[in-house]
Amino acid sequence: MLLIDGHLVDGASDFPVINPATGAPFAQAPRADEAQAAVAVAAARRAFPDWAALGFGERRRRLEALADGLEADLETMARLLTREQGKPLTEAREEVFFSVAALRHFAAMTLEPRVLRDTAKERIVEQRYPLGVVAAITPWNYPLLLLMVKLAPALITGNAVIAKPAPSTPLTTLRLGRIAADILPPGVFQTLVDRNDLGAWLSRHPDVAHVSFTGSTPTGKKVLASAADTLKRFTLELGGNDPALILDDADVAKVAARIFAGATANAGQICLAIKRVYAPRAMMDALCDELARLADEAVVGDGMEQGTTIGPIQNRAQYEKVLGFIEEARTQGTLVAGRAPNEDVTGTGGYFIAPTIVRDLPDDARLVREEQFGPVLPVLAYNDLDQAIARINDSDYGLGASIWTGDAARGAELAARIESGTVWVNKHLELPFDVPFGGAKQSGIGRQQGIEGLEDFTQARIVNVALG
Ligand code: NAD
């Protein structure tokens, strides 16, 4: 059921939700129409002033209660997540666990006024006040966690939030709404499920003050265009094509395991997954052998089954897209691991793709330039480090990057030459809630997490007072 204005209600219609491990429907989801969306926006507008007036302390109390509710529901929520999203149950539990942690982390934060000038003549203070109605639009790879890193900071700063999940993963968002229904005041948090039609509607709506969007770069550009008319605020967390640069002093066996994990976690469906690897030419054979060994060891299957390390691709369209990348890469490079692309690795009809490692691709191959968002990894050789960095920076994306080396100081120095929102040295995919993250170039605009992420949901107001 949708949560609108404090009530759990049916949608205007229903549609089936597919379990990606079987390719078959396993539940029905309510679909909201524009009339219901309009009711939600109006309810959010009504709820906003009282919620904003509660102050940080009282809002924290409510968010802590929501965290308690979600924590008590962890196992059921994780199972639902695996069924709608596909990820192994252990990873689903982690996603719910980190969602609870995000909620508690942001619930404990406040934004204090900043004194900019305090003299006998004047006092100038920067205050932060909430924006109003926030639309939180999320993709299907981490439906709960990516919602939570919007919801928690937006709510604690005093906004009202309407969550709109991706149509293929609506159930965990709906379940969170069900938990919140008894905890948060009506209209403060609402859930709308669509079939890719309400995101644009919300982004255009004059009463929506901020669109916090996570998704693909092409859709992010549409959000930007829709928001222009009303000059609304927005955060765009978009696609990535993260490079991993291995230096000549790195330990191949150690690095290979961590790069493999960084490329194939969540079946490679992570904005910040490692999506291309640059290795010294002399290291290529050893590295590819090791990556191929890890690929062969991976257990691809239904996330509900114990021992599965890589679940299915979340939806059929993405599955076919990733297969297309593999087909093309096969003609342009050498596959060193990966079963035949159309071979059904489990026999269940699910959207499974075995981890695939490709070498000897040209730099202009689609798998190198575009975002594959699946467990397919190109490994590229370099002779000269400066050229490797130039090749890395020759990308429209700039979300994350990593440098792998036996000398962390050398890695940190090189990091300053990479055009990217985050550069890790000897790690990848680490996003602590107190550290802001976001994209450079076409990977996004704005920041999430950290103080900057909190401020993103507020407006700065300068109060400039003449004294004496
Ligand atoms: P998508 O862009 O297709 O959809 C994302 C969301 O936008 C969905 O809820 C969808 O219904 C909605 N939407 C569709 N059309 C819209 C419109 N015109 N206006 C507003 N909203 C609209 O993305 P996806 O395929 O669900 O997710 C995969 C993409 O998300 C990848 O590119 C990935 O890199 C990116 N992603 C980015 C981050 C990040 O933090 N930077 C995190 C996870 C995923």
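The values are calculated or read from the model by the stated rules, or taken from the named source; none is laboratory data. The model shown is predicted, which means the values in this text are computed figures rather than measured ones. In this analysis, Cβ positions are derived from the backbone assuming ideal geometry, glycine residues included, and neighbour counts consider all displayed protein chains. Just so you know, the surface numbers come from the protein's heavy atoms only, side chains and all, with ligands and any DNA or RNA stripped out. Shrake-Rupley method; radii C 1.70, N 1.55, O 1.52, S 1.80 Å.
Quick one: net charge around R410, please, counting Lys, Arg +1 and Asp, Glu -1 for every other residue with C-beta under 11 Å from its C-beta.
Net charge around R410: -4.
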Portion, in percent, of the accessible area of the stretch 107-181 that falls on carbon or sulfur, probe 1.4 Å: 49
Once both axes come from the Cα atoms, what is the angle between helix 145-156 and the longest principal axis of the chain, in degrees from 0 to 90, rounded to 10? 20
Treating the angle as unsigned and between 0 and 90°, give the value, to the nearest 10°, between the Cα long axis of helix 34-72 and the longest Cα principal axis of the chain. 80
Paramagnetic reach from A261 (point 7 Å along Cα→Cβ, amide N under 20 Å) across the stretch 78-97: 87-97
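Heavy atoms only, 1.4 Å probe, whole protein assembly: order H7, H210 by accessible area, highest first.
The residues order as H7, H210, largest area first.
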Probe 1.4 Å, all protein chains present, accessible-area order of R175, R45, largest first: R45, R175
For the N383, A466 Cβ pair and Förster radius 60 Å, calculated FRET efficiency rounded to 0.05 is 0.40
Hey, with R₀ at 56 Å, roughly what FRET efficiency would R293 and S13 work out to, going by the Cβ-Cβ distance, to 0.05? 0.70
Treating only the Cβ atoms of Lys and Arg (+1) and Asp and Glu (-1) as charged, compute the dipole magnitude of the chain about its Cα centre; round to the nearest 20 debye. 1260
Under the rule a/c < 1.5 gives rounded, and otherwise a/b versus b/c splits prolate from oblate, where does the chain land using the Cα gyration tensor? oblate
Using Cα-Cα distances under 8 Å and only pairs 6 or more residues apart, what relative contact order does the stretch 42-176 have, in percent? 31
Extension reserve of the E94-K254 stretch, reckoned as 0.36 nm per residue once the Cα distance is removed: 55.2 nm
Quick check: residue separation of D285 and A101 times 0.36 nm, minus the Cα distance between them. What number comes out in nm? 62.1 nm
Where the centre of each part is set by its Cα atoms, how far does the stretch 1-33 sit from the stretch 389-468, in angstrom? 36
For V211, tell me the accessible area in Å² from a 1.4 Å probe, rounded to the nearest 10. 0
Taking Cα atoms only, helix 217-228 is inclined relative to the longest principal axis of the chain by an angle, in degrees rounded to 10, of 20
Taking only protein heavy atoms and a 1.4 Å probe, what accessible area per residue, in Å², does the chain have with all protein chains in place? 39
Ranked by accessible surface with a 1.4 Å probe, highest first, in what order do C271, C288 come? C271, C288
What distance in nm lies between label points placed 7 Å from Cα along the C-beta direction at R366 and E327? 0.9
At a 1.4 Å probe radius, carbon and sulfur cover how many percent of the accessible area of the stretch 242-432? 47
A student applying the Cα gyration tensor rule (rounded when a/c is under 1.5; otherwise prolate if a/b is larger than b/c, oblate if not) would label the stretch 1-116 oblate
Subtracting the Cα-Cα distance from 0.36 nm times the residue separation, let me have the gained length for D207 to F26 in nm, one decimal. 61.6 nm
With the crude spin-label approximation of a point 7 Å out along Cα→Cβ, what separation in nm comes out for K221 versus E34? 2.5
